[in-house]
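The values are calculated or read from the model by the stated rules, or taken from the named source; none is laboratory data. For clarity, every value in this text was computed on a predicted model and none was experimentally measured. Every residue, glycine as well, gets a Cβ built from its backbone with ideal geometry; the counts of neighbours run over all protein chains shown.
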Amino acid sequence: MPIPGLIDPVTVPRAAAARADGRINLVGLPREAIRAALEEAGLDPSQAKLRAKQLWHQIYNRGATAFAAMSDIAKPLHAWLDERFAIARPEVVEDQRSADGTRKWLLRTADAQDFEMVFIPDADRGTLCVSSQVGCTLNCRFCHTGTMRLVRNLDAGEIVGQVMLARDALGEWPSRPEGRLLTNIVMMGMGEPLYNFEAVRDALAIVMDREGLGLSRRRITLSTSGVVPMMARAGEEIGVNLAVSLHAVTKEVRDEIVPLNRKYGIDELLAACAAYPGANNARRITFEYVMLKGKNDSDADARELVRLLRKYKLPAKVNLIPFNPWPGAPYECSEPERIARFSAIVFEAGISAPVRTPRGRDIGAACGQLKTASEKKSRAELDRVAQAA
Ligand code: SAH
Ligand code: SF4
């Protein structure tokens, strides 16, 4: 069946990109691309196939960070690999811990761009909030990330590298099927994942690979602000749970707070949700709704939300997010009684509408608070840092 808006449905293994030191980073490459890179570097086809399998296991199951640690690969090959290839994760610049146990890491790419990642431990699970871009181009008015000037896509290695860094920090190598601290992943850090589709897809394929990081697709959620033309493709090619940042039920308000709404309106968005492959009552779509005082939090808003979800027959749950403040933000958080009333109206209509407890607010790790200092630097400064590195 053709997927609307799909331009090129075939997954093409990306060419391996060289680093400043000329080596190719194996982290983030699809399995097939690792094999191809080994062959290109001179191994014969059967050797390349065998070594690719061993490297995959070492990198994603054992968490190896150096070829020298790979005891199943003959020693003379260690130096050969090391000259040509790297196993690089983003650099950890800072590791902060909230009073509630939430952790936030400031990470840096090889070309000196900073971004953040957050780990939220709970009694029965541990959720890693992963970034897809440095900054975000979408400028939602309530989101700190949207105010960053510099934006660049993270590559697949920088995305899957976040999960690997979290495993490093939590001491969770080798990958094990049970008893993990890191159990869930949400693509809800900095950036709009559907504006960086290929890298997010390739990174999540490695996260879900049984011989890779081995997380089930049911434990991964991708959040989008509503990039309608990419949603069907996300369902087909990534296939994880979908969360949609709805936040408002009228054109007027959504146009103001999520400017992307001027391009893809509420009806178009909800129709795309109804068509999302794999959405059913067992796997409901999550609608995120940030509670902004006097803006989108009235009883009438709650009733309209119910009407819309019913109109499109959506298997839905609603996540009410108390607005997390940041310096200079143009909104305030709704009062707790207002949020409770809003939740009750949606709940009484038979739709689950829990209020999300803010986590890590004290270290600026809560939803919408992520923003790094790197954007304060000018382009020229960044170039200097990159050259010095
Ligand atoms: N760009 C994607 C994913 C990252 S944002 C998206 O927008 O869906 C993750 C969630 O945090 C989104 O629902 C976003 O709207 C919400 N958010 C952004 N700023 C917030 C703030 N200041 N307070 C509470 N939630 C916020
Ligand atoms: Fe970007 Fe999401 Fe923030 Fe909007 S809410 S600016 S899409 S990160």
- List the number of the failed condition for ARG218; all other conditions in (1) charged (D, E, K, R); (2) farther than 30 Å from ALA123 by Cβ; (3) surrounded by fewer than 23 Cβ atoms within 10 Å (Cβ to Cβ) hold. (2)
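Yes/no matrix, rows are residues, columns are (1) surrounded by fewer than 23 Cβ atoms within 10 Å (Cβ to Cβ); (2) over 13 Å from the mean Cα position of the chain (by Cα); (3) within 16 Å of ligand 2 (Cβ to nearest atom):
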| position | (1), (2), (3) |
| --- | --- |
| SER225 | no, no, yes |
| PRO229 | yes, yes, yes |
| ALA232 | yes, yes, no |
| GLY235 | yes, yes, no |
- Quick one: which residue in ARG176, ARG210, ARG149, ARG180 is surrounded by fewer than 19 Cβ atoms within 10 Å (Cβ to Cβ), within 14 Å of ligand 2 (Cβ to nearest atom), basic (Lys, Arg) and farther than 24 Å from VAL318 by Cα? ARG149
- Within the stretch 142-157, restricting attention to residues that are in contact with a strand residue (DSSP E or B) (Cβ under 8 Å, 6 or more places away or on another chain) and not small (Gly, Ala, Ser), which residue is nearest to THR109 (Cα to Cα)? LEU154
- Query: Is it true that some residue in the stretch 367-385 is modelled with pLDDT under 85, away from ligand 1 (no atom under 16 Å from the Cβ) and hydroxyl-bearing (Ser, Thr, Tyr)?
  - Reply: yes
- Query: In the stretch 310-337, what residues are part of a helix (DSSP H, G or I) and either closer than 21 Å to CYS140 by Cβ or free of Cβ contacts under 8 Å to residues at least 40 places away in the same chain (or both)?
  - Reply: ARG310, PRO336, GLU337
- Message: I'd like to check something: does the stretch 193-206 contain any residue that is on the phi > 0 side of the Ramachandran plot and within 14 Å of ligand 1 (Cβ to nearest atom)?
- Response: no
- Applying the selection to the stretch 152-173, what residues are in a loop (DSSP other than H, G, I, E, B) and surrounded by 15 or more Cβ atoms within 10 Å (Cβ to Cβ)? LEU154, ASP155, GLU172, TRP173
- Item | Search result, residues across the stretch 324-351 that are closer than 19 Å to ASP299 by Cβ and either at pLDDT below 95 or aliphatic (A, V, I, L, M) (or both) | ILE339, ALA340, ALA344, ILE345, VAL346, ALA349, ILE351
- Which condition breaks for LEU55 when tested against (1) touching a residue at least 60 places away in the same chain (Cβ under 8 Å); (2) under 16 Å from GLU211 (Cα atoms); (3) crowded, with 21+ Cβ neighbours inside 10 Å? (1)
- Message: Looking at the structure I just gave you, is ASP100 assigned to a strand (DSSP E or B), touching a residue at least 40 places away in the same chain (Cβ under 8 Å) and either within 15 Å of ligand 2 (Cβ to nearest atom) or outside the structural domain of ASN61 (by TED's automatic domain parsing) (or both)?
- Response: no
- Which listed residue is in a strand (DSSP E or B) and in contact with a Cys (Cβ under 7 Å, 6 or more places away or on another chain), from VAL93, VAL118: VAL118
- Looking only at the stretch 130-151, which residues are assigned to a loop (DSSP other than H, G, I, E, B) and hydroxyl-bearing (Ser, Thr, Tyr)? SER131, SER132, THR137
- Message: Here is a list: CYS140, CYS129. Which entry is more than 16 Å from the chain's Cα centre (by Cα), closer than 19 Å to LEU222 by Cα and within 13 Å of ligand 2 (Cβ to nearest atom)?
- Response: CYS140
- Query: When you go through ASN184, ASN139 one by one, which is the residue that is more than 9 Å from ligand 1 (Cβ to nearest atom), touching a strand residue (DSSP E or B) at 6+ places or on another chain (Cβ under 6 Å) and of a type outside the set (A, V, I, L, M)?
  - Reply: ASN184
- Can ARG303 be described as more than 30 Å from PRO330 (Cα to Cα) and among the basic types (Lys, Arg)? no
- Query: Here are some conditions: (1) within 13 Å of ligand 1 (Cβ to nearest atom); (2) modelled with pLDDT under 95; (3) of a type outside the set (A, V, I, L, M, F, W, C); (4) surrounded by fewer than 22 Cβ atoms within 10 Å (Cβ to Cβ). THR127 meets all but one. Which one does it not meet?
  - Reply: (2)
- Query: How about the stretch 159-202: which of its residues are more than 11 Å from the chain's Cα centre (by Cα) and of a type in the set (D, E, K, R)?
  - Reply: ARG167, ASP168, GLU172, ARG176, GLU178, ARG180, GLU198, ASP202
